[in-house]
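**Q** Got a structure here, written out as structure tokens. Questions coming.
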Amino acid sequence: MLTKKGKYGLKALVHLSNLPVGQLAFVNDIAVANNIPKKFLDAILGELRNAGFVQSRKGKEGGYRLARPASEIKIGHVVRVLDGPLAPIPCASRTQYQRCEDCDEATCQVRHMMLEVRQAIAEVLDNRSLAAMRDADNDDFPVELTSQI
């Protein structure tokens, strides 16, 4: 599941992608516009800066902007930086694989299902750019949500 950190990071990147190229945004403006706690956003933007997604400038004329075009930023990469592996369980991860101690991976039905889940998630996130996410209408992704007890 996407954490608040991942969600807020994506919201901040979408915010920055809506600015004219090169324009800076203050952390407070991003936080207020997206209903994100400022201190938490400061930490998230620091991670995004360290990963090369955003650039920052200090001072009165400072702020944040995208480090490269939104069309070159893949959502899967952002999610992995902020939240870690896409796989729901460690033995299904490609980037941070950990063997399960309690099962035979070759015959474990749970692992095989989670590999399929991981692949489906990666297929979407690794092929969607920040620009595509920003520009998509909600109608582009019809999802039927049902309540489960």
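**Q** Could you tell me which numbered condition residue 128 fails, if it satisfies all but one of (1) charged (D, E, K, R); (2) surrounded by fewer than 12 Cβ atoms within 10 Å (Cβ to Cβ); (3) at pLDDT 90 or above?
**A** So residue 128 meets the others, but not (2).
**Q** Looking only at the stretch 131-149, how many residues end up being at pLDDT 80 or above and in a loop (DSSP other than H, G, I, E, B)?
**A** Of the residues in the stretch 131-149, the ones at pLDDT 80 or above are 131-136.
From the residues that got through so far, the ones that are in a loop (DSSP other than H, G, I, E, B) too are 136.
Summing the residues that are at pLDDT 80 or above and in a loop (DSSP other than H, G, I, E, B) in the stretch 131-149 gives 1.
**Q** Residues that are charged (D, E, K, R), under 16 Å from the mean Cα position of the chain (by Cα) and under 21 Å from residue 134 (Cα atoms): find the helices (runs of 4 or more DSSP H) completely inside the stretch 1-108 holding 1 or more of those. Let's see the steps before the verdict.
**A** Numbers: elements: 4-17, 27-34, 38-50, 75-83.
It comes to 4-17, 38-50, 75-83.
**Q** Would you call residue 57 over 13 Å from residue 13 (Cα atoms), touching a strand residue (DSSP E or B) at 6+ places or on another chain (Cβ under 7 Å) and modelled with pLDDT of 90 or more?
**A** Numbers: over 13 Å from residue 13 (Cα atoms): yes; touching a strand residue (DSSP E or B) at 6+ places or on another chain (Cβ under 7 Å): yes; modelled with pLDDT of 90 or more: yes.
Criteria met by residue 57.
The values are calculated or read from the model by the stated rules, or taken from the named source; none is laboratory data. Just so you know, these numbers come straight off a predicted model, no measurement behind them. All Cβ positions, even for glycine, are placed from backbone atoms using ideal geometry, and neighbour counts span all protein chains on display.
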